[in-house]
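The values are calculated or read from the model by the stated rules, or taken from the named source; none is laboratory data. What you are looking at is a predicted structure, and each value in this text was computed from that prediction instead of being measured. With ideal geometry, Cβ positions are generated from the backbone for all residues, glycine too; neighbour counts draw on all protein chains shown. When the accessible area is computed, the model is the full protein with side chains, heavy atoms only, and any ligands, DNA or RNA have been set aside. Shrake-Rupley method; radii C 1.70, N 1.55, O 1.52, S 1.80 Å.
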Amino acid sequence: MRLLYLLDTDIASDDLRRSSALLEARVNDGLLQQTVALSLLTRAELCFGQAGMAADDRRRSLIDHLLLQLPSLPWTAGAADPDGALQDTNQRDGTLTGEIDTQIAAHALAEGLTLVPHNTRHFDLVPGLKVTDWMSEPPARARPKRKRS
């Protein structure tokens, strides 16, 4: 299989909280099919959240487990280049998208991946970015395979 999806920090956090059976099933399927990954930026945000947790917080081990399962894609010049243009557009338009969200969007664009956030409004205005919310959108139904005669 090939990578298709880049998970945003909020959707990874929702998965860690087990807040949606639909989301959990889709992430698990993505792991099995090897179609999902994290940006190193998302990994850094998860590690930042983990660093602020008490040593005995059970979420620490959940984050460790998720980070072991999901590949992390490196930030490259290919991601940095569209980020500069997106940051400029945000500044000119007065768009209130955060810097890291813009970088994650640029990373998904550079890799040709669909971004999976829960808060899609941060990404709806990014030209050319494919976005899907696995907590509110049902998975596409697979067409049954026809038997050959």
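The set of residues from the stretch 101-121 being open to solvent by 30 Å² or more (accessible area, probe 1.4 Å) and of a type in the set (D, E, K, R) comprises Glu111, Arg121. The criterion of being in a helix (DSSP H, G or I) and modelled with pLDDT of 85 or more holds for Asp81. Taking the criterion of being part of a helix (DSSP H, G or I) and surrounded by 13 or more Cβ atoms within 10 Å (Cβ to Cβ), the residues of the stretch 87-100 that qualify are Gln87, Thr89, Asn90, Ile100.
Looking across the stretch 1-10 at every residue that is closer than 13 Å to Pro117 by Cβ and either at pLDDT 95 or above or touching a helix residue (DSSP H, G or I) at 6+ places or on another chain (Cβ under 7 Å) (or both), the one that is most open to solvent (accessible area, probe 1.4 Å) is identified as Tyr5.
Looking across the stretch 23-56 at every residue that is among the aliphatic types (A, V, I, L, M) and more than 16 Å from the chain's Cα centre (by Cα), the one that is surrounded by the most Cβ atoms within 10 Å (Cβ to Cβ) is identified as Met53. Whenever a residue of the stretch 2-26 is outside any loop (DSSP other than H, G, I, E, B), its partners that are among the hydroxyl-bearing types (Ser, Thr, Tyr) and open to solvent by less than 60 Å² (accessible area, probe 1.4 Å), lying with C-beta atoms within less than 7 angstrom and at least six residues away or across chains, give the pairs Tyr5/Thr35; Tyr5/Thr114; Leu6/Ser39; Leu7/Thr42; Thr9/Thr42; Ala12/Thr42; Asp14/Ser20. Selection of first residues in the stretch 57-86 that are open to solvent by 40 Å² or more (accessible area, probe 1.4 Å) and aliphatic (A, V, I, L, M) and of second residues that are modelled with pLDDT under 95 and assigned to a helix (DSSP H, G or I), restricted to Cβ pairs under 6 Å at least 6 apart or on distinct chains, gives the following pairs, ordered by first then second residue: Leu62/Leu16.
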